[in-house]
Amino acid sequence: MHPAPVTIADVARLAGVSKVTVSKTLNNTGRISEETRQRVLKAAQDLGYVANPAARRLRGARTNLIGMVIPELISPYFAEVARAAAEVASEAGLDLGVFTTSRNPQRERERVATLTSGVADGVLIVVPTDAAQHIATLEKSRVPIVLLSHFGVSTDLPNIRADSYHGARAATEHLIGLGHRRVAFISGAVESSQAYERLRSYRDTMAAHGLTDPALIRTGNFTQRRGFEAAGELLDLPDPPTAIFAASDATAFGVMDAVKDRGLRVPHDISVVGFDDVAAASQCHPALTTVRHPVHEMSEAALNLLADALQGRNVRGTQLDFPSELVVRDSTAAPRTPPPSNPAPASPTTASPANSSPATASPGVQDAAGPVRPARRRRT
């Protein structure tokens, strides 16, 4: 038989105080002397008392837990997002529970349903599934929800995102500016709206330079393994690329492995660009040129919005766009062979308004159509 769970009454009995005093001490409310507080905390520790979050929620008390729903932790980028969020939550005196979905939309819905049923005070969803019905369900939640890196379906849920469109544009322009005309792209997971933004930006930029070639695009899934496979497919083309832009650093690492596996060198034979600027990007050889997102600042903004919502402030309709920054390192260089005798013009025409990104250009990234513009901050 399992032993009965320790209750507040047990803690009160051992500490020699009332249940109300125990409750106030554990919830950090009311005036409790330091001597009494220490006695209650010691009694709770000695008995192994664990608060029941759902029960506390039913009594109207805070669980002090923020739930983070994230596609996976095996990805260096998502691991960094979780680490940054945990840091910020700890500084704010909050607990962070991380729940992974394995990029499964149904599992994402289940995780969110669990967290909003009394387990967590607020929920942070990283790169949520871009389905209108799912977003509509989230909007009805009575528990505060903040989205991180959501593009696509319109919503008035608070949304923190970094400028993937202009970040990808800067990366593609960088390769074209070096003289590359055969620039390939390996996309991210098909269910990711953020991945779509990067692909859309690459297509728009290549089209603006008259360099469109569908054969240079390969579907990816943000993994190193797929980067290796897709790079092999690209290098086997009759007219292979001289540069490969990957939608994530993990994918770019796979590309670099494939290039070396062919007896080629980065960037001497093939230039490689990634996206995310994970820690390993600056430590691999050669160091990876990539696009950086301000992960810590984004996590802090998301948790601040959740804190505002928990204090009764209206944060609906808030969208904060953070800048992307192209970080040029050693994995990119001019192609070994000169471009064709009739290369695309050095100064591209701006993509048509119908194909342009709704996001604002990012500070630190030179916009091909003009000077750098500040990131957008709006609240409707």
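The values are calculated or read from the model by the stated rules, or taken from the named source; none is laboratory data. Since the model is a prediction, treat every value here as computed from it, not as a measurement. FYI the Cβ positions are ideal-geometry reconstructions off the backbone, even for glycines, and counts take in every protein chain you see. Each accessible area value is taken on the protein alone, full model and side chains, heavy atoms only, with ligands, DNA and RNA left out. Shrake-Rupley method; radii C 1.70, N 1.55, O 1.52, S 1.80 Å.
Things to note:
- Within the option set 161, 200, being within 19 Å of residue 222 (Cβ to Cβ), at pLDDT 95 or above and not aromatic (Phe, Trp, Tyr) holds for one residue only, 200.
- Leading residue by the ranking (farthest from the chain's Cα centre (by Cα)) among those in region 206-257 that are β-branched (Val, Ile, Thr) and surrounded by 19 or more Cβ atoms within 10 Å (Cβ to Cβ): 242
- Region 193-205, residues that are crowded, with 21+ Cβ neighbours inside 10 Å, in contact (Cβ under 8 Å) with a residue 60 or more places away in the chain and of a type outside the set (Gly, Ala, Ser): 194, 197, 198, 204, 205
- Entry remark, region 302-320: residues being touching a residue at least 24 places away in the same chain (Cβ under 8 Å) and over 13 Å from the mean Cα position of the chain (by Cα) number 12 in total.
- Matching residues, region 288-307, being out of contact with any strand residue (DSSP E or B) (no Cβ under 9 Å at 6 or more places or on another chain) and open to solvent by less than 70 Å² (accessible area, probe 1.4 Å): 296
- Subset of region 117-139 [open to solvent by 10 Å² or more (accessible area, probe 1.4 Å), over 20 Å from residue 161 (Cα atoms) and modelled with pLDDT under 90]: 117, 119, 133
Rundown of residues vs (1) modelled with pLDDT under 95; (2) closer than 16 Å to residue 163 by Cα; (3) not small (Gly, Ala, Ser), yes/no style:
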{"site": "236", "(1), (2), (3)": "no, no, yes"}
{"site": "242", "(1), (2), (3)": "no, no, yes"}
{"site": "256", "(1), (2), (3)": "no, no, yes"}
{"site": "261", "(1), (2), (3)": "no, no, yes"}
{"site": "269", "(1), (2), (3)": "no, no, yes"}
{"site": "275", "(1), (2), (3)": "no, yes, yes"}
{"site": "290", "(1), (2), (3)": "no, yes, yes"}
{"site": "306", "(1), (2), (3)": "yes, no, yes"}
{"site": "309", "(1), (2), (3)": "yes, no, no"}
